[in-house]
1. Pairs only if they're at least six apart or on different chains, beta carbon under 9 angstrom, first in the stretch 110-124 and over 12 Å from Arg84 (Cβ atoms), second loosely packed, with under 11 Cβ neighbours inside 10 Å; list them, first residue then second.
2. Regarding Val105, is this residue part of a loop (DSSP other than H, G, I, E, B) and surrounded by fewer than 16 Cβ atoms within 10 Å (Cβ to Cβ)?
3. Scan (1) at pLDDT 85 or above; (2) exposed (fewer than 11 other Cβ atoms within 10 Å of the Cβ) for the single condition Met77 breaks and write down its number.
4. Which pairs have Cβ atoms under 8 Å, sit 6 or more apart or on different chains, and link a residue in the stretch 41-68 that is part of a loop (DSSP other than H, G, I, E, B) to one that is at pLDDT below 90 and of a type in the set (Asp, Glu)?
5. For the stretch 109-129, check the following and say yes or no: at least one residue is part of a helix (DSSP H, G or I), at pLDDT below 90 and among the polar types (S, T, N, Q).
6. Being assigned to a helix (DSSP H, G or I) and free of Cβ contacts under 8 Å to residues at least 60 places away in the same chain is the filter here; which residues of the stretch 130-145 pass it?
Amino acid sequence: MNKIATTLIISSLALGGFTVANAEDDRYERRGYPGKYCDKDGKGFGSRIERMTERLNLSDEQTKQVRAISDNYRPKMRSIADERRKNRQQLREVMLADTVNQGKVKQLAQKAGDLKTDKIIMRGKMHAEMNKVLSKEQREEMKQWKGRRGYGRGYKFDD
């Protein structure tokens with residue numbers, strides 16, 4: 001009797017976990033994606049440029065220009081991301097040491113802030129270049145599109 005009860009409990013827990021995992025994938029399928037982190041063809045989450053082209057109805061020439069701008073900034077952004085990753089790892093190692101070196105923590109924290117600032121500035125430059133390619137209507141649509149992203153996730157914007 002005990003074996004049967006244990007088997008039933010384990011089976012129901014496994015089935016419940018499968019159902020939860022499957023429900024998450026269904027959410028993406030309802031949006032037109034075949035699974036989590038996939039685009040319509042099942043190839044990754046989809047290119048930002050492709051989504052931008054589709055949402056803003058970009059012409060072929062605009063798409064080429066936006067892609068060129070993105071390709072120009074990609075190595076710079078990747079470099080900053082790699083530096084940030086290394087910095088976080090170093091900070092983790094310092095914080096997990098037997099004795100925490102406060103000076104090193106402060107130095108790494110300052111560097112983390114500087115790298116975040118560099119990332120924000122780089123993205124700002126990239127977006128400014130992309131905005132030059134867009135028409136006034138497309139820029140307005142982009143503002144509305146970007147502005148809606150925070151809603152529904154618990155964010156509140158007080159102005």
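1. Cβ pairs passing all conditions: none.
2. Considered against the rule, which asks whether it is part of a loop (DSSP other than H, G, I, E, B) and surrounded by fewer than 16 Cβ atoms within 10 Å (Cβ to Cβ), Val105 comes out as no.
3. Answer for Met77: the failing condition is (2).
4. Phe45/Asp39; Gly46/Asp39; Ser47/Asp39
5. No: the stretch 109-129 contains no residue that is part of a helix (DSSP H, G or I), at pLDDT below 90 and among the polar types (S, T, N, Q).
6. Asn131, Lys132, Lys136, Glu137, Arg139, Glu140, Lys143, Gln144 - these are the residues of the stretch 130-145 that are assigned to a helix (DSSP H, G or I) and free of Cβ contacts under 8 Å to residues at least 60 places away in the same chain.
The values are calculated or read from the model by the stated rules, or taken from the named source; none is laboratory data. Please read these numbers as outputs of a predicted model, since none were measured by experiment. Neighbour counts are summed over all protein chains in view; Cβ atoms, including those assigned to glycine, are modelled from backbone coordinates with ideal geometry.
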